[in-house]
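These notes concern the structure reproduced below.
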Amino acid sequence: YRVDRERPYVESVNRFDPLQQRTKEEQVEFEITFNEDVSGVELDNFSVNGDGDQSGASLVSLWPSPPVGNTYRVTVDTVEGFGNLTLNVDQNLSDVYDGLFNEMNAPFTTGQQTSLTGRRQRSRASLG
């Protein structure tokens, strides 16, 4: 038999929607990939690191629901204006564990950055 003592860890946090770094979107989505299937992932495992106007950006949702597997997506509400933001996996790490209950213990804070360049205005047609 094989003894697995390797703790799960985050391999990457990448922009998912939109894919480009610069955007004016009201929400951005990041894809998080772990080295193996994990359980216990919740929105409170994440934090948003923003500068400029984006220091007020906030977490919105986690997909899939219920969380299962090694790939997750987190949606972030941006703030009107300018600034950069990244998504960190750095909160309540011991809540995240693999199939043998090895707990995550290493934060991940080096994901792809998104740069906000203002917020789109609604078109006059949509205002009715």
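The values are calculated or read from the model by the stated rules, or taken from the named source; none is laboratory data. Quick caveat: nothing in here was measured; it's all calculated off a predicted structure. Methodologically, a virtual Cβ is constructed for each residue, glycine included, from the backbone with ideal geometry; neighbour enumeration extends over all protein chains shown. Note: areas computed on protein heavy atoms with side chains; ligands, DNA, RNA excluded. Shrake-Rupley method; radii C 1.70, N 1.55, O 1.52, S 1.80 Å.
For the stretch 23-35, taking the residues that are in contact with a strand residue (DSSP E or B) (Cβ under 6 Å, 6 or more places away or on another chain) and open to solvent by less than 60 Å² (accessible area, probe 1.4 Å), the one that is nearest to Asn84 (Cα to Cα) is identified as Val28. Of the residues making up the stretch 1-33, those that are touching a Phe, Trp or Tyr at 6+ places or on another chain (Cβ under 9 Å), outside any loop (DSSP other than H, G, I, E, B) and touching a residue at least 40 places away in the same chain (Cβ under 8 Å) are Val10, Ser12, Val13, Asn14, Arg15, Phe16, Val28, Glu29, Phe30, Glu31, Ile32.
Listed here are the residues, each with its yes/no results for (1) among the hydrophobic types (A, V, I, L, M, F, W, C); (2) over 10 Å from the mean Cα position of the chain (by Cα).
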{"position": "Val13", "(1), (2)": "yes, no"}
{"position": "Leu19", "(1), (2)": "yes, yes"}
{"position": "Glu26", "(1), (2)": "no, yes"}
{"position": "Asn35", "(1), (2)": "no, yes"}
{"position": "Gly50", "(1), (2)": "no, yes"}
{"position": "Gln54", "(1), (2)": "no, yes"}
{"position": "Ala57", "(1), (2)": "yes, yes"}
{"position": "Pro64", "(1), (2)": "no, yes"}
{"position": "Gly69", "(1), (2)": "no, yes"}
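Annotation note: of Val89, Val38, the sole residue that is touching a helix residue (DSSP H, G or I) at 6+ places or on another chain (Cβ under 8 Å) and in contact (Cβ under 8 Å) with a residue 12 or more places away in the chain is Val89.
For the stretch 102-128, taking the residues that are open to solvent by 90 Å² or more (accessible area, probe 1.4 Å) and at pLDDT 95 or above, the one that is farthest from Arg73 (Cα to Cα) is identified as Asn105. For the stretch 36-53, a residue qualifies if it is within 18 Å of Glu11 (Cβ to Cβ) and surrounded by fewer than 14 Cβ atoms within 10 Å (Cβ to Cβ), and exactly one does: Asp37. Among the residues of the stretch 54-96, those identified as open to solvent by 70 Å² or more (accessible area, probe 1.4 Å) and part of a strand (DSSP E or B) are Trp63, Phe82.
How many residues does the stretch 50-67 contain that are touching a strand residue (DSSP E or B) at 6+ places or on another chain (Cβ under 6 Å) and over 13 Å from Val79 (Cα atoms)? Summing the residues that are touching a strand residue (DSSP E or B) at 6+ places or on another chain (Cβ under 6 Å) and over 13 Å from Val79 (Cα atoms) in the stretch 50-67 gives 3.
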